[in-house]
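Asks: Quick one: structure below, then a few questions.
The values are calculated or read from the model by the stated rules, or taken from the named source; none is laboratory data. For clarity, every value in this text was computed on a predicted model and none was experimentally measured. Reconstructed Cβ throughout: ideal geometry from the backbone, glycine too, with neighbour counts over all protein chains shown.
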Amino acid sequence: MVNLHISYLPWNRGADPNLWSFLEKTPSGVTIHQIDQGIDTGPIYAQAQIDQNLKTGTLATSYEKLVDEIGKLFFRILPKILSQEIQPKAQVTGGSFHKTKDKQKYLNLLHLGWDTPLRDIWGAACSSK
């Protein structure tokens, strides 16, 4: 089985990957990987880092960009997955994992919901550590 995940694994496994890429200043991106017994830990077929506009972007525009990019990547590599032309590769060590409850202490930053500017949340988790 294959999973389409809107993070640049191994960063931001689990819940709310788009949000965490800005809170923790980790790479924004998309990954297509095999599903294994872990959460977003399976071997990777393909991935791409995605540049986001921190000056004018919002959580909504960044999410839309990731969804668009993962769709393009999926349709480009699907024939190669089906024909076994590409084999998945193990993820690099490290990265991060988040549960839904982990974002609770940052909800005050999401004052405009999905329209919250990226610049308002950039690095917030880094400064609270």
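Asks: Considering the range 24-37 alone, what residues qualify as being surrounded by fewer than 22 Cβ atoms within 10 Å (Cβ to Cβ) and either out of contact with any Phe, Trp or Tyr (no Cβ under 9 Å at 6 or more places or on another chain) or within 22 Å of C126 (Cβ to Cβ) (or both)?
Replies: E24, K25, T26, P27, I35, D36, Q37, listed by residue number.
Asks: Give me the pairs, please: first residue somewhere in the range 1-21 and among the β-branched types (V, I, T) and surrounded by 20 or more Cβ atoms within 10 Å (Cβ to Cβ), second residue anywhere and modelled with pLDDT of 95 or more and assigned to a strand (DSSP E or B), beta-carbon distance under 9 Å, and either six or more positions apart or on two chains.
Replies: Taking only residues 6 or more apart or on different chains, the pairs are I6/G29; I6/V30; I6/T31.
Asks: Continuing with this model, one more query. In the range 60-80, which residues are more than 15 Å from H33 (Cα to Cα) and of a type in the set (V, I, T)?
Replies: Within the range 60-80, T61, V67 meet the criteria.
Asks: Which one of these does K99 not meet: (1) out of contact with any Gly (no Cβ under 9 Å at 6 or more places or on another chain); (2) within 14 Å of L19 (Cβ to Cβ); (3) surrounded by fewer than 14 Cβ atoms within 10 Å (Cβ to Cβ); (4) of a type outside the set (A, V, I, L, M, F, W, C)?
Replies: Against the list (1) out of contact with any Gly (no Cβ under 9 Å at 6 or more places or on another chain); (2) within 14 Å of L19 (Cβ to Cβ); (3) surrounded by fewer than 14 Cβ atoms within 10 Å (Cβ to Cβ); (4) of a type outside the set (A, V, I, L, M, F, W, C), K99 comes up short only on (1).
Asks: Quick check on the range 71-91. Is at least one of its residues more than 18 Å from G123 (Cα to Cα), of a type in the set (A, V, I, L, M) and within 13 Å of the chain's Cα centre (by Cα)? So that I can check it myself, show each step before the final result.
Replies: First pass over the range 71-91, keeping only residues more than 18 Å from G123 (Cα to Cα): 71-91.
Narrowing further to those that are of a type in the set (A, V, I, L, M): 73, 77-78, 81-82, 86, 90.
Next cut, within 13 Å of the chain's Cα centre (by Cα) only: none.
Taking every residue of the range 71-91 in turn, none turns out to be more than 18 Å from G123 (Cα to Cα), of a type in the set (A, V, I, L, M) and within 13 Å of the chain's Cα centre (by Cα).
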